[in-house]
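The block underneath contains the structure these notes are about, expressed in structure tokens.
The values are calculated or read from the model by the stated rules, or taken from the named source; none is laboratory data. For clarity, every value in this text was computed on a predicted model and none was experimentally measured. Positions of Cβ are backbone-derived with ideal geometry, glycine not excepted, and every protein chain shown enters the neighbour counts.
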């Protein structure tokens, strides 16, 4: 194999009650990437479409993660990368994770898959660190593993694949305001009340039990963020209105996606997810803020190979 | 039915990573209680054996919880309660919870089970509040439901029954020092670092996934308390030595049971649990602190009816 075209999906991190550890993978939104072997050693990003991102390998998250793998594998060839970006950087649905994970997935395939998914996640975390100034895997893990994932620990990296109910659908609204992950992290408190923390871990524990038992009523009770949302929602105008509208229209839960500004809702059917989409559109239509919306099933697969030759 | 004899088991709360929300039920250690209907209305505690506890209904946790149910049910009879206590009060394995849960379970049976397990837990929490100065269900829930339980929320009370791997065994050592739950709570910080909190909720999430998937290696990785143990272990002499010995002898994890001073370890087989027991005995044998040890399987049933007539 000399060339591979892949689809690297958008992801939702935190998922209300799982700050820094929980995430899930979307089916409908993502970037395409083409990676091909070159005789000349080294890495090159020779084309980026969609958004203005640096072509320099060291300044591009896909480049940095690819380099981490490349330097570890020391193969007898080089690679050139084309990025067809559809996930807007800074939107809160894992744009940098899709780039970072996509390049390492593709190169691993071209090398005959010497690395497993956990190792790929580790390489991709190097790219993620460039975007958000700290290594974290809560978007990368669902991008690479698919479905719902729990990052049990970063060091050693331990990613758990959770069951993913098949009729769960996500609605995403992306208000066109910019929040940088590194800035969003600065808003967070260093310390939190123990009483709130125990409420949060009961919610996360309950959500994981709900995913195992297909208990949608329990998911609904657990999709609640008592720690982070009160701080971060201040950066997202009309967040409370959006959340209220989503819940009123049947969503199981609605919260900030990653560090925002995107907002996600989870629903038990495609029909409900679309109704929630219309409700979210209605909230932002009456404001001056531009927005995009998406409805997507949960991807069980993560990154997909589209073509290879 | 006019009289019932029940076994109300000891329980382990917190279970390392689930402060205030997680617990499991022991098979081998517990109290017996006999409750019988009386023509005269009202409640009486007419006999207590084992430990010196108040016979006054309002001052006894079994009395207070029974009264909560009794006043709700307003039956046309009264009840008298005998308590044969084997779980030492203040030991950290749910002594007050066993009393509080036992009396409401027994009266509910004598009334033809008008209440479900969640309602019984609510009544029992009134008794628990007398012992620890706050209503909590992390010992009562496993006592009434059996197995591992997660208290997802107190208000409304929502108890989740988690899967309980059948070859999991607990070793308990109870160093004979006294720590009151209400005092132990005062040791705890009001605020905790967000970074530690997210580590803790990853551990709890991982443990619940491990219980669902029978993944003992993952249980081992998740049975870790980075929040509470550093504070509470200061009250338990030789805790670090005990923990080190338990892990060195094959325990999956070892932590403070409830608010202590009892220490529990979980092991994958009875043989390992007994080896861990000998290791814990060895630690405290070389000190001046008296102790008791127990090895027990996890009770899937919770409170058991022993006799009825």
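Inspect region A:188-203 for any residue being under 22 Å from residue A:92 (Cα atoms), more than 11 Å from chain B (Cβ to nearest Cβ) and surrounded by fewer than 22 Cβ atoms within 10 Å (Cβ to Cβ) and give the result as yes or no. No, that holds for no residue.
Inside region B:231-252, residues that are outside any loop (DSSP other than H, G, I, E, B), modelled with pLDDT of 95 or more and either within 14 Å of chain A (Cβ to nearest Cβ) or in contact with a helix residue (DSSP H, G or I) (Cβ under 6 Å, 6 or more places away or on another chain) (or both) make up a count of 5. Go through (1) modelled with pLDDT of 95 or more; (2) not in a strand (DSSP E or B) and name the single condition residue A:292 misses. The number of the failed condition is (2).
All conditions but one from (1) surrounded by 21 or more Cβ atoms within 10 Å (Cβ to Cβ); (2) outside the structural domain of residue B:19 (by TED's automatic domain parsing) apply to residue B:220; the one that does not is (1).
Residue under question is residue A:9, and the condition is that it be closer than 30 Å to residue A:160 by Cβ and more than 14 Å from chain B (Cβ to nearest Cβ); does it hold? Criteria met by residue A:9. Within region A:189-200, the residues that satisfy the criterion of being out of contact with any strand residue (DSSP E or B) (no Cβ under 9 Å at 6 or more places or on another chain) and free of Cβ contacts under 8 Å to residues at least 24 places away in the same chain are A:195, A:198.
Would it be correct to say that residue A:242 is buried (at least 17 other Cβ atoms within 10 Å of the Cβ) and farther than 22 Å from residue A:7 by Cβ? Considered against the rule, which asks whether it is buried (at least 17 other Cβ atoms within 10 Å of the Cβ) and farther than 22 Å from residue A:7 by Cβ, residue A:242 comes out as yes.
With respect to residue B:74, determine if the residue is away from chain A (no Cβ under 14 Å) and in contact with a helix residue (DSSP H, G or I) (Cβ under 7 Å, 6 or more places away or on another chain). Considered against the rule, which asks whether it is away from chain A (no Cβ under 14 Å) and in contact with a helix residue (DSSP H, G or I) (Cβ under 7 Å, 6 or more places away or on another chain), residue B:74 comes out as no. Within region B:209-230, residues that are within 11 Å of another protein chain (Cβ to nearest Cβ) and over 18 Å from residue A:206 (Cα atoms) have Cβ atoms under 7 Å from residues that are surrounded by fewer than 21 Cβ atoms within 10 Å (Cβ to Cβ) and modelled with pLDDT under 95 in these pairs: B:228/B:188, counting only partners at least 6 apart in sequence or on another chain. Here residue A:20 meets each of (1) under 30 Å from residue A:247 (Cβ atoms); (2) touching a strand residue (DSSP E or B) at 6+ places or on another chain (Cβ under 7 Å); (3) buried (at least 17 other Cβ atoms within 10 Å of the Cβ) with one exception, condition (2). Selection over region B:77-91 of residues that are out of contact with any helix residue (DSSP H, G or I) (no Cβ under 8 Å at 6 or more places or on another chain) and surrounded by 24 or more Cβ atoms within 10 Å (Cβ to Cβ) gives a count of 0.
Checking each residue of region B:142-153 against the condition of being at pLDDT below 95 and either within 11 Å of chain A (Cβ to nearest Cβ) or surrounded by fewer than 21 Cβ atoms within 10 Å (Cβ to Cβ) (or both) gives no match.
In region A:64-81, the count of residues that are under 26 Å from residue A:261 (Cα atoms), part of a helix (DSSP H, G or I) and in contact (Cβ under 8 Å) with a residue 60 or more places away in the chain is one or more.
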